[in-house]
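This report refers to the structure that appears directly beneath it.
Only the coordinates and a few stated rules stand behind these numbers; no lab work does. If you're wondering where the values come from, they're calculated on a predicted model, not measured in any experiment. Backbone-built Cβ (ideal geometry, glycine too); neighbour counts: all protein chains shown.
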Ligand code: DGT
Ligand code: CA
Ligand code: CA
């Protein structure tokens, strides 16, 4: 992977910036800046100069020390000194310096005078009007800073569905306990099972809204009451999660639920159907003239515009309205269709329970099978299994299987896909397994074509069964790696491989749209929990949510098969 001149220049520029905040020797700072400029202005590639063995210290402004740093960047893609300086700075100063209006001088000034070291502190000082008073800042700059901190805090505020549940469930219980409340439900993206949630939209049906509102704003986790009326209120919880509450009478409940479930794009499409029929639709009902002709249930609302009931997960305007009109909506997979889990860990690698305990928990859920897929040797931090340990585990599972009735533990492994597309365990060991889940755990930043090729090479191995967490993303933590998903799915189909929907709430990849792509291409997916403890088996519902959002039906899923059918599907031709 060739490092470009611009990337080397950027590293030096960034280093100069951070040293400036640190208050380092100005000559040193200037030397890095100049080096950045020199490299940026070169007409030939520094990487190729290094490979050709050219003497970099011949370049203007580049001494021996800088030359060796360039060498390091070309060879490793980064500079250890930069990481070191960045980690020495207090708080988020290194991050703050990236804000265009700020830059190193201002960040240093803010830190030295007001003690600001993170985004929160910056926002607070800007709101309090403290920044405009500093030398070289002024009102304009303060406004710019405020706009930037606002933008960042809203874009970072989406929370994982699983986390949202932890807040939503107790609020619902609380509301249901209030006298007069008939129904209480979370609508919005939460009900559509999006992987992340902007805010909670709660709907309550009740004849008299006022007392509900009084109790709602007094809920003990409420930090601020943004607004409060008789039928609607908005609060912000201690956790900064916003909660909107709507109270409607019973006869409008279905219409309001339909409206507040969204998505907005779906609602607009539905409304245009209503208009074509000469009807009006809003959160109170469907109206012909002044007469309400529907509103009590969602089903009757949809019926009035000529649609069958549309499952919430489908309401994204991804074609569900057209499909509904043609009676071609999918019959979505449900959790009851699932017959087993194809990716869980045991204590042998980084799990917390024995194989037997995991199996008992899976059997308890009514499953027919469970695949133990502990890490392979390369993943040393997860105590990955080498050939000897995996061979022993195979024997252990064979022995354990005699103690179970009507339930089978499948022998598997989570095998690392190495950088060159080879697998981390030998074929003669892999052939003794029932299945493999194969995954990328390092070298996330290969260029798209290389990463794609790496995965497809791995699928060439006849013992590759399922591509685990296919994009590697971690919600709010790590971006997906670059791959050509269509190409990978086509290759999987051709070779008889499958892709996983990883049901861990922080992963959820394949994503909803990838599920839809899988269906279009015709490759089946496995929905697996990647459980590390028995309770993680419950994550299955999150994977189901994404699969349903991607229009998948029972027949599109590998682990809705009976054990016998599954075994046939796992044999590569
Ligand atoms: P979120 O909170 O960003 O995860 O996404 P949602 O879908 O929950 O959006 P939110 O909370 O802004 O609004 C809840 C629902 O209310 C939304 O899904 C549809 C409905 N809604 C909101 N604004 C509009 C609008 O301007 N027009 C229509 N037709 N519906 C709207
Ligand atoms: Ca919402
Ligand atoms: Ca909302």
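Looking at the chain only, what percent of DSSP beta bridges run antiparallel? Nearest 5 please.
DSSP beta bridges in the chain are roughly 45 percent antiparallel.
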*Rg and Dmax of the chain, using alpha carbons, in Å: what are they?*
28.5, 85
*Tell me, 186, 226 in order of fewest to most beta-carbon neighbours within 10 Å?*
226, 186
*What's the percent breakdown of Cα-Cα distances in the range 52-108 across 10 Å bins, shortest bin first?*
20, 34, 31, 14, 1
*Extension reserve of the residue 28-residue 157 stretch, reckoned as 0.36 nm per residue once the Cα distance is removed*: 42.5 nm
*asked:* Once you order the gyration tensor axes a ≥ b ≥ c over the Cα atoms, which shape class does the range 441-505 get: rounded for a/c under 1.5, otherwise prolate or oblate by comparing a/b with b/c?
replied: oblate
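Which peptide among 91-99, 459-467, 443-451 comes first, and what is the full order, when sorted by highest mean count of other Cβ atoms within 10 Å?
Numbers: 91-99: 18.2, 459-467: 22.2, 443-451: 14.4.
By packing density, highest mean first, the sequence is 459-467, 91-99, 443-451.
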*the range 504-536 residues near the modelled residue 354 label - backbone nitrogen below 15 Å, point 7 Å along Cα→Cβ*: 534
*asked:* Could you tell me the calculated FRET efficiency between residue 98 and residue 322, based on Cβ-Cβ distance and R0 = 45 angstrom, to the nearest 0.05?
replied: 0.55
*When ranked by the protection proxy of mean other Cβ atoms within 10 Å per residue, highest first, what sequence do the peptides 135-141, 121-127, 319-325 form?*
121-127, 319-325, 135-141
*If r is the Cβ-Cβ distance from residue 383 to residue 337 and R0 is 45 Å, what FRET efficiency results, to the nearest 0.05?*
0.85
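Can you compute the FRET efficiency between residue 83 and residue 486 using 1/(1 + (r/R0)^6), with r the Cβ-Cβ distance and R0 = 45 Å? Round to the nearest 0.05. Kindly include the intermediate steps, with their values, before the conclusion.
Values: r = 36 Å, r/R0 = 0.79.
So the FRET efficiency works out to roughly 0.80.
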*Quick one: length gained pulling residue 2 to residue 290 fully straight, 0.36 nm per residue minus the C-alpha distance?*
96.8 nm
*Using a basic spin-label model with each label point 7 Å from the Cα along Cα→Cβ, how many nm lie between residue 309 and residue 442?*
5.1 nm
*asked:* Need the C-alpha centroid separation for the range 89-149 versus the range 333-371, integer Å.
replied: 50 Å
*Rounded if a/c under 1.5, otherwise prolate or oblate - the range 5-154, Cα gyration tensor axes*: prolate
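Can you give the helix-only mean residue ellipticity at 222 nm for the chain, where every DSSP H stretch with n ≥ 4 adds -39500 (n - 2.57) and the sum goes over all residues, rounded to the nearest 500 deg cm²/dmol? Let's see the in-between values first.
Working: 24 runs with 248 residues, N = 573.
Theoretical 222 nm ellipticity from helices: -13000 deg cm²/dmol.
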*Compute the length gained on full extension between residue 218 and residue 265: take 0.36 nm times their separation in residues and subtract their Cα-Cα distance, giving the result in nm to one decimal.*
13.6 nm
*Sorted largest first, extent of the range 156-248 alpha carbons per principal axis (Å)*: 35, 25, 18
*Plugging the Kirkwood radius over Cα pairs into Stokes-Einstein for the range 335-569, at a temperature of 20 °C and a viscosity of 1.002 mPa s, what D comes out in µm²/s?*
124 µm²/s
*Please arrange 542, 404 by counting, for each residue, the other beta carbons lying within 10 Å of its beta carbon, fewest first.*
404, 542
*What's the exposure ranking of 539, 260, going from fewest to most Cβ atoms within 10 Å?*
260, 539
